[in-house]
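The values are calculated or read from the model by the stated rules, or taken from the named source; none is laboratory data. Because the structure is a prediction, the values reported are computed rather than measured. Note that each Cβ is placed from the backbone with ideal geometry, even for glycine, and that neighbours are counted across all protein chains shown.
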Ligand code: MG
Ligand code: MG
């Protein structure tokens, strides 16, 4: 069942997403070689709580942290820990905030310096596919239009689209209906109407689409151990436009390596 949001609820979600964008920006300042991923998690939790929010992921079905931190071949749901980032890594930071009873959810994959060209291209194109999906997320379209836009864009480069994990409605619960797959057919799936709020989150692999769940019960990695990228926004559909509630602006302002839209 899809819960449509009132204007007041969307306002709460906007505020939630604002805290989330700033939390991401705080993490962005710390991303550099030698930082332990658990230090990123600690900063995110501290910032969210200081802002009056609650980290959505902490204790969600037993998840132990405020961030999902997924390095290189890890697709999503990696645990923060003792691992130290190093040059040549890519690292996906996925975070959620609950504020005034409403969640927001967004993710960004950073390259550290020294990431090879084909992996930078994977990141740029996964980023671009998120916006191709958002373009289709408008009242009157169907979820399949979003899915198709993402899939058709990235598959032209030979990338694998993860099937097992999908975008989702967001609201009082972190994961609500509808599911928003990153693959699908135009004109299929639930109709998109004003009041829907959902997360679009392409998870795109350099190699095979196949993934494996590690024995910790959470971590998802590519089965060929090639890198995987993940970008996510939470969007709200209005009659005449779709609003991106979350933001990557604080990230891109605060992260020292300006990797996007470089000349190729
Ligand atoms: Mg997320
Ligand atoms: Mg999500």
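Remarks
- In region 179-193, the qualifying residues are those that are buried (at least 20 other Cβ atoms within 10 Å of the Cβ) and farther than 20 Å from residue 243 by Cβ, and the one that is farthest from the chain's Cα centre (by Cα) is 189.
- Evaluation of residue 15 against (1) outside any helix (DSSP H, G or I); (2) surrounded by fewer than 20 Cβ atoms within 10 Å (Cβ to Cβ) (one fails), failing number: (1)
- Among the residues here, residue 148 does not qualify as away from ligand 2 (no atom under 16 Å from the Cβ) and surrounded by fewer than 21 Cβ atoms within 10 Å (Cβ to Cβ).
- Scanning region 82-98 for residues that are over 15 Å from residue 43 (Cβ atoms) and more than 16 Å from ligand 2 (Cβ to nearest atom) gives 82, 83, 84, 86, 87, 88, 89, 90.
- Per-region count, region 64-79, residues surrounded by fewer than 24 Cβ atoms within 10 Å (Cβ to Cβ) and within 13 Å of ligand 2 (Cβ to nearest atom): 2
- Summed over region 100-125, the residues that are under 28 Å from residue 194 (Cβ atoms) and within 16 Å of ligand 2 (Cβ to nearest atom) give a count of 7.
- Flag for residue 188 being in contact with a helix residue (DSSP H, G or I) (Cβ under 6 Å, 6 or more places away or on another chain), away from ligand 2 (no atom under 16 Å from the Cβ) and farther than 20 Å from residue 63 by Cα: yes
- Per-region count, region 162-173, residues more than 9 Å from ligand 2 (Cβ to nearest atom), surrounded by fewer than 20 Cβ atoms within 10 Å (Cβ to Cβ) and touching a residue at least 60 places away in the same chain (Cβ under 8 Å): 2
- Filter pass, residue 119 being part of a helix (DSSP H, G or I) and touching a helix residue (DSSP H, G or I) at 6+ places or on another chain (Cβ under 7 Å): no
- Scanning region 217-239 for residues that are more than 16 Å from ligand 1 (Cβ to nearest atom) and farther than 28 Å from residue 138 by Cα yields 217, 221, 222, 223, 224, 225, 226, 227.
- Residue 114 modelled with pLDDT of 95 or more and surrounded by fewer than 18 Cβ atoms within 10 Å (Cβ to Cβ): yes
- Being part of a strand (DSSP E or B), touching a helix residue (DSSP H, G or I) at 6+ places or on another chain (Cβ under 9 Å) and either surrounded by 19 or more Cβ atoms within 10 Å (Cβ to Cβ) or in contact (Cβ under 8 Å) with a residue 60 or more places away in the chain (or both) is a condition met by no residue of region 251-261.
- The conditions of being in contact with a strand residue (DSSP E or B) (Cβ under 9 Å, 6 or more places away or on another chain), within 13 Å of ligand 1 (Cβ to nearest atom) and without any contact (Cβ under 8 Å) to a residue 60 or more places away in the chain are not met by residue 93.
- All of 201, 176 fail the test of being within 28 Å of residue 62 (Cβ to Cβ), within 16 Å of ligand 2 (Cβ to nearest atom), modelled with pLDDT of 95 or more and crowded, with 20+ Cβ neighbours inside 10 Å, apart from 201.
- Elements of type strands (runs of 3 or more DSSP E) in region 122-216, at least 1 residues being within 16 Å of ligand 1 (Cβ to nearest atom) and closer than 20 Å to residue 1 by Cα: 167-169, 176-180, 197-200
- Conditions (1) within 15 Å of ligand 2 (Cβ to nearest atom); (2) outside any strand (DSSP E or B); (3) within 17 Å of the chain's Cα centre (by Cα); number of the one not met by residue 61: (3)
- Filter result for residue 159 (within 21 Å of residue 108 (Cα to Cα), surrounded by fewer than 24 Cβ atoms within 10 Å (Cβ to Cβ) and at pLDDT 95 or above): no
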